[in-house]
Amino acid sequence: MSTLQDKIANCSARVAVIGLGYVGLPLAVGFAKAGFRVVGVEMDKRKVISLNTGRSYIKDVADADLAPHVQTGFLQVTTEYDALRQVDAVFICVPTPYDAQRAPDLSFIRAAAEGIHPRLKPDQLIVLQSTTYPGTTEEIVQPILEQSGLKAGVDFCLAFSPERIDPGNRQWTAYNTPKVVGGITPECTRLACDLLSQMGAPVYPVSSPRAAEMTKLLENIFRSVNIALVNELALLAERMGIDFWEVIEAARTKPFGFMPFYPGAGVGGHCLSPDEYVFLRNGDGGLETVAIGDWFQDAQTAPDSRLIHAQGVTLISLTHTELLVFDPAQGKTVFKPLRYISARPYDGRMVQVITADGRRLTVTDGHPMITLEQERFLVKRADALKPGNALVVAKYLPADPTPLSVDLIAELPESEYRGVRVKPKRGSFGTYRAQLAPHLKKHLKYYGDVFRHNTMPLATYVALEREGVMPIPHREVLLCTGRGPSYSSIPAVLALNADFARLLGYYLSEGCITADRSLRTRFTFSTDERELIADLKAILKRFGLKH
């Protein structure tokens, strides 16, 4: 394995990451930052397209951190496991949800191992990072990999290093949180430690994969049990009239034997009925109204969720989800990141709050309710509310400062690719001739026409994206149809702004699509509607649409 050790030392080793969620994507970017060439294997085609155009869907990874590595080719993403044939190390970062029987679902881990073993080669390093129970690396992953005919610890290295991502934590990230590593042999441990240490974080080796797997289990149980404990004590203190925050601050003055945990929306705490509704916004910007009980059931099987069961409580760690809440400090409704959702048995008293306009809300008796009294927002227990109290009701959704857009390439079905070409808004494909030509040969007989005419078929553009070699993102290209007088082009990414809204309104009220082969869009106005006509022409011009 000395050859791999040398490659790690000089950053010439090629690294693959299977699964580009909240664990895998920061890891892939971290290795690219460290100077390694990285290939990501992700089964979600939309994610592949997004990443290969420099757009992140993980809040902990900014576009500005991702895009430079994509543009330089140090980070490429594909759906094809064949990319593993060219790498020296593979990290498995797939989800491990619970199944319907509340047993760990290892199907994603098995699928990843099945994808690796036909392509496994001598001297490769395989590292499992998915959260799982002790024994998974040696009892599940190792036998599958050894179907290749290679022996773990002899022909290739195998190790476990638990993910320690805390989504949204700006202080402790994938790049400075210490990493625990346990290999099936000392050589496997050493190589995995050498590679992970290149990201800059401290590395702590342990004796075996089982020890590393148990480390992760201890960390999760320790946190969940203490969160549950502190919430139960907070409820007790509240009933006794004791300020529990004061108690925590007093206890933390002890320099040994105590670690502060704070009450909140972790395991336990005040609850809503599962039949109540909340407003959620997902990572794609979509907004939905959902019953908490239904949402909890769906969250248990979400690919990026993590489940913890302790003392009858089910805690789910979430990513990419924001909840509509009222912020008394700002005096308005806002979307805030949601870290956890929990469910627990409850045999206490429930309170039904009925408002003057007929709304009904069922909560636990101690649930905090925001009221407005003498122009001040106050928090009261649900069982302390009285007729006449003014409750907060959201009338408007908060404005989203993030500009919205529609990606026509992502939305267009492959059946509609025929006749559509892609052209750079600025510059030319010829700038990237050395990078693109070897791959274009596989897709086009006359690939030189791409550089001669500065256009390529949309199907070819998408194929090169999936192979991770297309350097020009969607927002920098035009979609073209027709030739000569019938030539037309449109930006591949359209901003969903006031212009777009008015254009859509004009089409719905005054537009139609012609039945002839040109499929032109027609708008019909009265000759007196000069102001509307002028506005429509200006919008079409700003979008670069010929009329």
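The values are calculated or read from the model by the stated rules, or taken from the named source; none is laboratory data. Being a predicted model, the structure only gives us computed values, none of them experimental. With ideal geometry, Cβ positions are generated from the backbone for all residues, glycine too; neighbour counts draw on all protein chains shown.
Keeping to the stretch 198-244, report how many residues are of a type in the set (D, E, K, R) and more than 21 Å from Gln171 (Cβ to Cβ).
Final tally of qualifying residues: 6.
For the stretch 433-454, how many residues are surrounded by fewer than 17 Cβ atoms within 10 Å (Cβ to Cβ) and in a helix (DSSP H, G or I)?
Within the stretch 433-454, residues that are surrounded by fewer than 17 Cβ atoms within 10 Å (Cβ to Cβ) and in a helix (DSSP H, G or I) number 9.
Residues that are modelled with pLDDT under 90 and not hydrophobic (A, V, I, L, M, F, W, C): find the helices (runs of 4 or more DSSP H) completely inside the stretch 1-111 holding 1 or more of those.
Qualifying helices (runs of 4 or more DSSP H): 2-9, 45-52, 63-71.
Does the stretch 396-413 contain any residue that is over 22 Å from Glu238 (Cα atoms), loosely packed, with under 13 Cβ neighbours inside 10 Å, aliphatic (A, V, I, L, M) and over 32 Å from the mean Cα position of the chain (by Cα)?
There is no residue in the stretch 396-413 that is over 22 Å from Glu238 (Cα atoms), loosely packed, with under 13 Cβ neighbours inside 10 Å, aliphatic (A, V, I, L, M) and over 32 Å from the mean Cα position of the chain (by Cα).
Exactly one condition in (1) buried (at least 17 other Cβ atoms within 10 Å of the Cβ); (2) touching a Leu at 6+ places or on another chain (Cβ under 9 Å) is false for Ala201; which is it?
Status for Ala201: all satisfied but (2).
Among the residues of the stretch 389-397, is any in a helix (DSSP H, G or I) and not assigned by TED's automatic domain parsing to the domain that holds Gly331?
No, the stretch 389-397 has no match at all.
Would you point out which residue out of Pro473, Pro424, Pro457 is touching a Gly at 6+ places or on another chain (Cβ under 8 Å), surrounded by 16 or more Cβ atoms within 10 Å (Cβ to Cβ) and touching a residue at least 24 places away in the same chain (Cβ under 8 Å)? Spell out how you get there, then give the answer.
Details: Pro424 fails: touching a Gly at 6+ places or on another chain (Cβ under 8 Å); Pro457 fails: touching a Gly at 6+ places or on another chain (Cβ under 8 Å).
Testing whether each residue is touching a Gly at 6+ places or on another chain (Cβ under 8 Å), surrounded by 16 or more Cβ atoms within 10 Å (Cβ to Cβ) and touching a residue at least 24 places away in the same chain (Cβ under 8 Å) leaves just Pro473.
Could you tell me whether Leu84 is within 22 Å of Gln435 (Cα to Cα) and within 14 Å of the chain's Cα centre (by Cα)?
Criteria not met by Leu84.
Residue check: is Leu106 under 24 Å from Ser317 (Cα atoms) and over 19 Å from the mean Cα position of the chain (by Cα)?
Working: under 24 Å from Ser317 (Cα atoms): yes; over 19 Å from the mean Cα position of the chain (by Cα): yes.
Answer is yes for this residue.
Please find, within the stretch 190-231, the residue that is nearest to the chain's Cα centre (by Cα) out of those that are more than 29 Å from Ala13 (Cα to Cα) and small (Gly, Ala, Ser).
Among those that are more than 29 Å from Ala13 (Cα to Cα) and small (Gly, Ala, Ser), it is Ser224.
Read through the list (1) at pLDDT 80 or above; (2) buried (at least 16 other Cβ atoms within 10 Å of the Cβ); (3) in a helix (DSSP H, G or I), then give the number of the only condition that Phe261 fails.
Status for Phe261: all satisfied but (3).
Of Glu146, Glu163, which residue is of a type in the set (Asp, Glu) and outside any helix (DSSP H, G or I)? Reasoning before the result, please.
Details: Glu146 fails: outside any helix (DSSP H, G or I).
Answer to the check: Glu163.
Just checking, how many residues over the stretch 472-499 are polar (S, T, N, Q), assigned to a strand (DSSP E or B) and either over 10 Å from Lys423 (Cβ atoms) or outside the structural domain of Tyr417 (by TED's automatic domain parsing) (or both)?
2
Can you name the condition, by its number, that Val225 falls short on among (1) assigned by TED's automatic domain parsing to the domain that holds Leu20; (2) surrounded by fewer than 18 Cβ atoms within 10 Å (Cβ to Cβ); (3) touching a residue at least 40 places away in the same chain (Cβ under 8 Å); (4) of a type in the set (Val, Ile, Thr)?
For Val225, the exception is condition (1).
Out of Gly30, Gly19, Gly73, Gly24, which single residue is closer than 29 Å to Val493 by Cα, buried (at least 18 other Cβ atoms within 10 Å of the Cβ), in contact with a Pro (Cβ under 9 Å, 6 or more places away or on another chain) and not acidic (Asp, Glu)?
Of Gly30, Gly19, Gly73, Gly24, the one residue that is closer than 29 Å to Val493 by Cα, buried (at least 18 other Cβ atoms within 10 Å of the Cβ), in contact with a Pro (Cβ under 9 Å, 6 or more places away or on another chain) and not acidic (Asp, Glu) is Gly19.
Under 8 Å by Cβ, and 6 or more places apart or on different chains, what pairs join a residue from the stretch 112-134 that is at positive phi with one that is polar (S, T, N, Q) and surrounded by fewer than 19 Cβ atoms within 10 Å (Cβ to Cβ)?
Filtered contacts from the stretch 112-134: Asp123/Thr3.
State whether the residues of the stretch 62-69 include one that is farther than 24 Å from Ile116 by Cβ, touching a residue at least 24 places away in the same chain (Cβ under 8 Å) and buried (at least 20 other Cβ atoms within 10 Å of the Cβ).
Yes, the conditions are met somewhere in the stretch 62-69.
Restricting the stretch 326-361 to residues that are surrounded by fewer than 17 Cβ atoms within 10 Å (Cβ to Cβ) and among the polar types (S, T, N, Q), which is nearest to Pro398 (Cα to Cα)?
Gln330
Mind counting the residues in the stretch 522-537 that are surrounded by 13 or more Cβ atoms within 10 Å (Cβ to Cβ), not in a helix (DSSP H, G or I) and not hydrophobic (A, V, I, L, M, F, W, C)?
Number of matching residues: 1.
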